[in-house]
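To start, the structure under review is shown below, and the notes come after it.
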Amino acid sequence: MGSGPMAIYLLKHLASSDEPLAITIFEASTSAGVGMPYDPALNADYMLCNAFSREIPALERPLIDWLKDRPARELSEWELSVHDLTARAFYPRVLIGEYLHSQFGDLCENARAAGHMVTVHTDSRVNDIRVADTAKVTIHYGSGQFGQTAQFDAVIIASGHSWSSVPEIDGVKLVSPWPYTNITELAQDNIGVLGSSLSAIDVVGAIAHARGQFEESGDRISWLPNDIDDALRITMVSHMGIMPEGDFYYPFPYEPLICITQEAINDEIARGSEDLLDRVFTLLCDELDAADPDYLDSLPKTARTVEGFAPAYFSRRREVGGLRAVKRDLAAARETLRRKETILHRYALLRGHEAFDHILRELTPEDYSRFLDHLMPVFADCYAAVPHLSLARIIALYDAGVLELVATEEGAKFSQTEDGRIEVDTEDGTIGFDVMVDARGQAPASLTDLPFPELVKALRSPEEPVLQPFALDLAQDSASRIYCLALPQLLERYPFSQGLVECSHHARRVVDDIFCA
C-alpha cells in the first residue's frame, strides 16, 4: 500500500523475479508514483532535496541520465540548462518527484513486458487489513458505498510519512507545514517556526517566497519584501538554537574507513550487548583521531564520552550564536567545495552513523535510550547537511532583519494566551507569536498507531517494534505475510530510515524475504 519512493523501489526489486508475479499497488491520492516529500501538491518548486543526484539509487535510469534527456524547454522551466546538470548538484524535490513518477511508469511498463501483472489503483485508500483462517490477507479499500476488498499472499505497508493535520505541543495547536500552502497563506506577521532542521528551513523559505523575493548575484543572495512596510518577523525555535551545517565536499563512492569498519563492528556485536554502545563509540573516537588527529583534542575531554560528545560537538556553533554561526560555517563549507577538500571529522561522522546503525537493534534498552539522547542528535546533524542555496536564503533573511533563531529553555513549556498568542520559554525569556508552524519532521510511532484496527488486533505484540525483515508477528498462524515499511513505524528502531537510499535498502530486504519464503 502506497506508491511513493518505498513502493517504487519495492516494485523495482519485485520485478527482478524470474517467476511471474501479480503486483497490485494502492494509492490514496489521485496520482501514483511520487510520494509526499516530492509531491507538487504538497511542496513548492523552490524546496531542495538534500541528497545530490548520484547518491540517489538508480531505478530504470540514474537521475542524471534522465535529466540530460529532458528537452531544453523543460529544463528552462526549472531555471536549468544542460550545463547545470552534474551528479554532485542538488535539485528541487518536486523535480525529483517528476523523475520518480517517470521511473514508476517505466517500471510498470517493463515489469508487464517481462510477464508480471501490475495493477495500480489510485484514489484508493486502504482502510483495513484482515487476517483470517485462510492463506490470504484481505485488503479493504475505497470509501463509503464504493468500498471493495481484495486478497493477497503477501501485503507490504509502504504508506510513507504520517502527519497530523492539526499538530500540537503541550496542548497548543500549531500549523501543519503540509501542504505548503498552509504556510504561504499565513497572514500573520509574527510567525514562530518550531524546529531548525531541513523541514524548518523549507518552512521559512516558503514564508519568504510568499512575502517577498530573493535576488541572486553570484554567491550573494538578498531578500526584498513585496511590501516595503511589511512587518514580517520569523523566529525559528529549537532545543539548541542551532542549524545543521551546509553540504561539504567528500569522496563518493565512499573511501574505506580505518577503525570503525564492518569487521570491527561485527567483532563488537559478537562480544554481546553489555557496553556495546561504549565500545563502538570508542571505535568512532579512534576513527576521528585517525582522520583528523587534532579534532577531539581541540574539544573538552568529555567529548570522548557518550554523554559528553554532543555538547562538545555543538559548542562552537552555540558559542557564536544561531544564525551568525550559519553565516560563518557556510562560507567555510563553500570553500571546501571549491577546493574539493574534505572536512575530515565531518566525513568520519557521516560514515560513522552507518556503523552505528548496525548495532542499534543489538543494544540494551538503556543503551538505545542513551544513543537517542546523546549521539543521535550528532548523527542527525551530520547526515542532514543542507544545500548551500537553502542556507544562503536563510542568511539573506537574517541580513534583512526578519529572521532569528533562538534556543528553548531547558524544560520549556508552550502555552496560549486568551487572545490566541502562542508563548514559549526560551533562553532569551518568554517569546510570543501570532501563529507557530510545526516543522519538527516525522516522529517515530508504534505499530499500535497504524490506521488499520483489525490488523493491530491480529498482532501478537503490537507494542513491540518491527525488525528486519519487517514481517509482522501475527497472533495466529497464517500462510500469508504482512510487512511494515511505513516510515513512522520504521523510525521506532531504525532512526536512519529517511531518504531514498534507505528506501532502496529496506525494500530489497523485504523482497529478499518474500523470494526466500
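Below is a table of values for the structure above.
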| item | result |
| --- | --- |
| Spin-label pair Ser76/Asn226, simplified geometry with 7 Å Cα→Cβ offset, distance in nm | 2.6 nm |
| Carbon and sulfur %, accessible surface of the chain computed with the full protein complex present, 1.4 Å | 48 percent |
| Contact order normalised by residue count of segment 241-397, Cα under 8 Å, 6+ apart, percent | 42 percent |
| Cα principal axis extents for segment 422-481, largest first, Å | 58, 22, 15 |
| Among (1) 71, 59, 51; (2) 63, 57, 55; (3) 70, 65, 41, the entry derived from the coordinates for Cα extents along the principal axes in Å | (2) |
| Segment 118-269 - Rg (one decimal) and Dmax (whole number), Cα, Å | 24.0, 69 |
| Centre separation in Å (Cα based) which lies between segment 163-227 and segment 86-115 | 29 Å |
| Selected from Leu296, Leu11, Ser446, residue furthest toward positive end of dipole (the chain; charges at beta carbon) | Leu11 |
| Full-extension gain in nm, Ala114 to Gln188, via 0.36 nm per residue minus C-alpha separation | 21.1 nm |
| Volume of the Cα convex hull of segment 341-478, divided per residue and given in Å³ | 215 Å³ |
| Charge dipole (debye, nearest 20) of the chain; +1 at Cβ of Lys and Arg, -1 at Cβ of Asp and Glu | 860 debye |
| Probe 1.4 Å - accessible area at Met36, Å² to nearest ten | 40 Å² |
| Approximate spin-label separation Ala135-Thr30, in nm, with each point projected 7 Å along Cα-to-Cβ | 4.1 nm |
| Volume per residue of the C-alpha convex hull in segment 331-377, rounded to whole Å³ | 73 Å³ |
| Dimensionless Rg/Rh of segment 34-182 - Kirkwood Rh, Rg from C-alpha atoms | 1.04 |
| Principal axes of segment 44-83: Cα extent on each, largest first, Å | 26, 23, 17 |
| Full-extension gain in nm, His161 to Arg338, via 0.36 nm per residue minus C-alpha separation | 60.1 nm |
| For peptides 69-80, 230-241, sequence by mean Cβ density within 10 Å, most packed first | 230-241, 69-80 |
| Percent RCO, i.e. relative contact order, over the chain, from Cα pairs under 8 Å lying at least 6 residues apart | 21 percent |
| Rounded to 5, percent antiparallel among DSSP beta bridges of the chain | 55 percent |
| Unit charges on C-beta of K, R, D, E only; dipole of segment 58-156, Debye | 140 debye |
| Given charges at beta-carbon only (K, R positive; D, E negative), |dipole| of segment 235-333 in Debye | 740 debye |
| Summed side-chain charge close to His116 - residues other than His116 whose Cβ falls under 11 Å, Lys, Arg +1, Asp, Glu -1 | -2 |
| Solvent-accessible heavy-atom area per residue, rounded to whole Å², over segment 297-355 at 1.4 Å | 49 Å² |
| Extreme residue, positive dipole direction of the chain, given options Phe248, Ala113, Ile260 (C-beta unit charges) | Ala113 |
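The values are calculated or read from the model by the stated rules, or taken from the named source; none is laboratory data. These numbers were taken from a predicted model, which means no experiment stands behind them. Backbone-built Cβ (ideal geometry, glycine too); neighbour counts: all protein chains shown. Heads up: the accessible areas ignore ligands, DNA and RNA and are worked out on the full protein's heavy atoms, side chains in. Shrake-Rupley method; radii C 1.70, N 1.55, O 1.52, S 1.80 Å.
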